[in-house]
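One structure below.
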Ligand SMILES: [Zn+2]
């Protein structure tokens, strides 16, 4: 099966790019701002990151979080990294979910099972159409440009 994170189609979801990573907007967002940090290289596990990728991972993720939070208006977030099929990883290409969270968002209705809710919604939610996605990516890119000095420091 072709890896959806390795093809050119992924470019339309990209809003921020580093040396080894790219930040994508999730095509089926579970909440506003739901984004992904993805390696440019096809790597299935966090444990397979090479030294250069490891070095960039944290600072790149901070930058992507900054942009996703500004976009969503949230100040808090969950990070979800699913490793392997049994852990709920559906695409075997490393992707860290950034989930901006608000007090009464659609994941918080039942706090105990929010992760299960996330996993259900991740696949059941409606896929954004091209027009919606373009609009969102444009907003995210504008946030990245307008705050580039702040983001550089992260
Ligand atoms: Zn891949």
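So here's what we get for this one:
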| quantity | calculated |
| --- | --- |
| Single condition residue 22 does not satisfy, out of (1) within 15 Å of residue 94 (Cα to Cα); (2) within 14 Å of the ligand (Cβ to nearest atom); (3) within 11 Å of the chain's Cα centre (by Cα); (4) touching a residue at least 40 places away in the same chain (Cβ under 8 Å) | (4) |
| Positions within segment 57-77 being surrounded by fewer than 16 Cβ atoms within 10 Å (Cβ to Cβ) and farther than 22 Å from residue 138 by Cβ, in sequence order | 58, 59, 62, 75, 76 |
| Subset of segment 5-39 (residues that are in contact with a helix residue (DSSP H, G or I) (Cβ under 9 Å, 6 or more places away or on another chain), part of a loop (DSSP other than H, G, I, E, B) and surrounded by 14 or more Cβ atoms within 10 Å (Cβ to Cβ)) | 18, 20, 26, 27, 29, 30, 31, 32, 33, 34 |
| Residue in segment 132-139 that is surrounded by 11 or more Cβ atoms within 10 Å (Cβ to Cβ), at pLDDT 95 or above, in contact with a strand residue (DSSP E or B) (Cβ under 9 Å, 6 or more places away or on another chain) and within 30 Å of residue 50 (Cβ to Cβ) present | yes |
| Complete set of residues in segment 133-154 that are over 15 Å from residue 72 (Cα atoms) and part of a helix (DSSP H, G or I) | 134, 145, 146, 148, 149, 150, 151, 152 |
| Test: residue in segment 107-130 that is at pLDDT 90 or above, away from the ligand (no atom under 16 Å from the Cβ) and part of a helix (DSSP H, G or I) | yes |
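The values are calculated or read from the model by the stated rules, or taken from the named source; none is laboratory data. What you see is a predicted model; the values in this text were computed from it and never measured. Cβ sites come from the backbone with ideal geometry, for glycine too, and all protein chains shown count toward neighbours.
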